[in-house]
Amino acid sequence: MITPAITPSEIRRALLLREEIALLDLRHEAAYATGHPLFAANMAADRIALEAETRLPRKDV
């Protein structure tokens with residue numbers, strides 16, 4: 001399943017409209033720790049297959 005990327009302005013609009021979104025930062029934990037988008041969850045791209053089922057319970061968001 002491919003999830004489309006969205007722009008920062010689209011994220012901002014969704015947050016302002018209080019839409020339900022799942023914001024993932026796909027960098028490794030060390031890079032995430034240096035700074036990340038507000039409300040972003042960290043899940044390194046190479047771990048998605050292992051973690052998605054338990055960490056992303058709502059597939060429709």
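In this simple spin-label model, placing a label point 7 Å from the Cα along the Cα-to-Cβ direction at both Arg27 and Arg12 gives a separation of 2.0 nm. Restricting segment 26-61 to trypsin sites (Lys or Arg not before Pro) that sit in a DSSP loop and have at most 14 other Cβ atoms within 10 Å of their own Cβ leaves Arg58, Lys59. Dipole magnitude for the chain: about 160 debye, using +1 per Lys or Arg Cβ and -1 per Asp or Glu Cβ, origin at the Cα centre.
Computed over the chain, the per-residue total of -39500 (n - 2.57) for DSSP H runs of n ≥ 4 gives a 222 nm mean residue ellipticity of -9500 deg cm²/dmol, rounded to 500. Between Ala40 and Glu19, the simple spin-label model (points 7 angstrom out along Cα→Cβ) gives 1.9 nm.
A short reminder: the numbers here are calculations on the coordinates, not readings from a lab. Bear in mind the structure is a predicted one, so any value in this text is a computation, not a measurement. Note: ideal-geometry Cβ built from the backbone for every residue, glycine included; neighbour counts use all protein chains shown.
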